Amino acid sequence: MASRNTEPFAIIAKPVGSRCNLRCRYCYYLEKGKYSTHEVQNRMSNTLLERLIRQTIEASPGPVVSFTWHGGEPSLAGLEFYEKVVYYEKRYLPRGWQVWNNLQTNGTLLTEEWCRFLRDNRFDIGVSIDGTELVHDRNRLDIGGHPTYAKVTESIRRLQRYGINPDLLCTVTSDSAEHPVETYRALRDLGTEWIQFIPVIVRLPDGTMTGESVTPEMYGRFLCEIFDEWVYNDLGKTDVQLFAETSRAWAGGEPSLCWMTATCGRVLVVEEDGGIYSCDHFVDPEHRLGTLPSTRLEDALTSEFQYRFGQSKRDALTRECRECPYLDACGGGCLKDRFALSEDGEEGMYYLCSGLKRFFSHAKPVLDRVMELSRGGKDPAAIMRILKEEA
């Protein structure tokens, strides 16, 4: 292994650990606080924050350094914390380099002051919102059990007034999967132009799935119906992350979404106590790579353990996966969700495999045609018109 990192990577920083002001029904992260070395999770100290930023920049090949501020709810760290973030980044960033900050938030605490700061310091924002008001307020309640949809949509509109179009992060649950087009339209109509759909997959110790978890059949149908609504009506006006990443893969590129890539391991998590973990979905003692400051971030990133972890995404593929015509787009799925059986009984298939296959087979001829028409100089409006005529 090289002693110096030469490949791009990103940091998911958890400035307040798993602490959150919401109690979403499907949340998998609240219980991660039990792994903190602090008796009570608090805010990441300024000393630790400075070390994190300095070591990330030192380990980066540049010229872009990426931080995602995540949780829990990262805005609980307070605005002063992010003022320190910007201060340390400017202090350590080499001349000619850039920093990319992304704040992933539930959106309930974003005041005018927050929006001014985020605009002035060019933060990208991801806001969690579960489609329609009915579904959102069924799943995303505050600590007191109160609905949050009105607060979240108010914050989205506030961000837009400050010139920020946030990414919308929508979970796909057994509930929202029953209403695909309504879910998509509710998000589209907020006018932010970028939507991510994140399937909820929570497996219980006995091997069964929680009631909120989406099934492969539900997920496949959900994606197909949304795809049709999008490709025939909103092409060029709204982007859906999965559709964009799939198009990138089929155009010969490499997906940037980690669960779709051939290998992983290039996105480390740093918790509020300085704990360094292999992945956001593997915050547990087995995948704790060390703790700042006793472990250098670059050493954790280039460690043999982390290398094997990232390579296992490709090395542990089942035969069915390796022979699948859609492997270039799927990458075998996320390691945390590879617990299904293949058709020949081999363990380690991605749980949502059959749903994704249904979507890929449905979307491929249409996306191929979209790319063909685009290469021929057709704009999105003309492409949609031709697709409708050919349907």
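The values are calculated or read from the model by the stated rules, or taken from the named source; none is laboratory data. Please read all numbers here as calculations on a predicted model, not as lab measurements. Note: ideal-geometry Cβ built from the backbone for every residue, glycine included; neighbour counts use all protein chains shown. Remember, those area values only see protein heavy atoms, side chains included, never the ligands or the DNA or RNA. Shrake-Rupley method; radii C 1.70, N 1.55, O 1.52, S 1.80 Å.
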Item to complete: Tell me, for the chain, which Cys residues have no other cysteine's C-beta sitting closer than 4.7 Å.
Response: Cys20, Cys115, Cys170, Cys224, Cys258, Cys264, Cys279, Cys321, Cys324, Cys330, Cys334, Cys353
Discussion item. For a quick check: with amide H placed at 1.01 Å from N, whose amide H comes under 5 Å from Tyr28's, ignoring anything fewer than 5 positions away on the same chain?
Written reply: none
Worksheet item: From the backbone phi of segment 228-234, what are the Karplus-calculated ³J(HN,Hα) couplings (6.51 cos²θ - 1.76 cosθ + 1.60, θ = phi - 60°) in whole Hz, Gly and Pro given as x?
Response: 4, 4, 6, 5, 8, 10, 10
Worksheet item: Label-point separation (nm) for Glu112 and Gln311, each offset 7 Å from Cα along Cα-to-Cβ?
Response: 5.6
Discussion item. I'd like the Kirkwood hydrodynamic radius of the chain, using the inverse of the mean 1/r over distinct C-alpha pairs, in Å.
Written reply: 22.1
Worksheet item: Under a point-charge model restricted to the Cβ atoms of Lys and Arg (+1) and Asp and Glu (-1), what is the dipole moment magnitude of the chain relative to its Cα centre, in debye to the nearest 20?
Response: 920
Worksheet, complete the sentence: Here segment 291-300 yields Karplus 3J(HN,Hα) values (6.51, -1.76, 1.60; θ = phi - 60°; whole Hz; Gly and Pro given as x) of 9, 5, x, 5, 10, 6, 4, 5, 5, 5
Worksheet item: Seen from all sides and averaged, what is the projected area of the convex hull of the Cα atoms in segment 1-157, in nm²?
Response: 11.0
Worksheet item: Quick one: accessible area per residue over the chain, 1.4 Å probe, rounded to a whole number of Å²?
Response: 45
Worksheet item: Using alpha-carbon positions, what is the distance between the centroids of segment 294-342 and segment 82-146, in Å?
Response: 29
Response to the item:
Residue by residue through segment 237-251, the couplings from Karplus 6.51 cos²θ - 1.76 cosθ + 1.60 with θ = phi - 60°, in Hz, x for Gly and Pro, are 10, 9, 10, 10, 3, 4, 5, 5, 5, 5, 4, 4, 5, 6, 8
Worksheet item: Can you pull the accessible area of Ser75 for me, 1.4 Å probe, Å² to the nearest 10?
Response: 10
Worksheet item: Placing +1 at every Lys and Arg Cβ and -1 at every Asp and Glu Cβ, with all other atoms neutral, what dipole size does segment 279-356 have around its Cα centre, in debye to the nearest 20?
Response: 220
Practice prompt. Would you kindly find the accessible area of Glu113, with a 1.4 Å probe and non-protein molecules such as ligands, DNA and RNA excluded, rounding to the nearest 10 Å²?
Written response: 110
Practice prompt. Heads up, I need the accessible area for Met209: 1.4 angstrom probe, whole protein in place, Å², nearest 10.
Written response: 50
Worksheet item: segment 243-359: D in µm²/s via Stokes-Einstein (Kirkwood Rh, Cα pairs, 10 °C, 1.306 mPa s)?
Response: 104
Worksheet item: Which far-off residues, 5 or more places away or on another chain, put their amide H under 5 Å from the one on Trp100, with H placed in the peptide plane?
Response: Val65, Ser66, Phe67
Worksheet item: Where the accessible area of segment 228-322 is counted over protein heavy atoms with a 1.4 Å probe, how much of it, in %, is carbon and sulfur?
Response: 49
Discussion item. Along the Cα→Cβ direction, 7 angstrom out, place labels at Ile198 and Asn233. What is the inter-label distance in nm?
Written reply: 2.6
Worksheet item: What is the calculated FRET efficiency for Glu133 to Gln98, with r their C-beta to C-beta distance and R₀ = 30 Å, to the nearest 0.05?
Response: 0.20
Item to complete: For each pair in Lys34/Lys357; Lys32/Lys84; Lys336/Lys388; Lys151/Lys378, compute the distance between the two Cα atoms and list the pairs where it is over 30 Å.
Response: Lys34/Lys357; Lys336/Lys388; Lys151/Lys378
Practice prompt. Taking every pair of alpha-carbon atoms in segment 166-283, give the share separated by more than 19 Å as a whole percent.
Written response: 58
Worksheet, complete the sentence: Once both label points are put 7 Å beyond Cα along the C-beta direction, the Tyr87-Arg248 separation in nm becomes 3.5
Response to the item:
Per the 1/(1 + (r/R0)^6) rule, R0 = 51 Å and r from the Cβ atoms of Thr291 and Glu389, FRET efficiency to 0.05 is 0.25
Item to complete: Any aspartates and glutamates with Cα under 16 Å of the Lys237 Cα? List them, leaving off those in the same chain fewer than 8 positions away.
Response: Asp167, Asp189, Glu193, Asp228, Glu229, Asp379
Worksheet item: Ignoring ligands, DNA and RNA, what percent of the 1.4 Å accessible area of segment 63-194 is carbon and sulfur?
Response: 47
Discussion item. Which residue fluctuates most in the GNM of the chain (Cα springs below 10 Å): Gly355, Gly265, Gly376?
Written reply: Gly376
Item to complete: Provide the FRET efficiency to the nearest 0.05 for the Glu58-Asp189 pair, computing r from the beta carbons and using R0 = 41 Å.
Response: 0.40
Item to complete: Report Rg (one decimal) and Dmax (nearest whole number) for segment 337-391, counting Cα atoms only, units Å.
Response: 17.0, 47
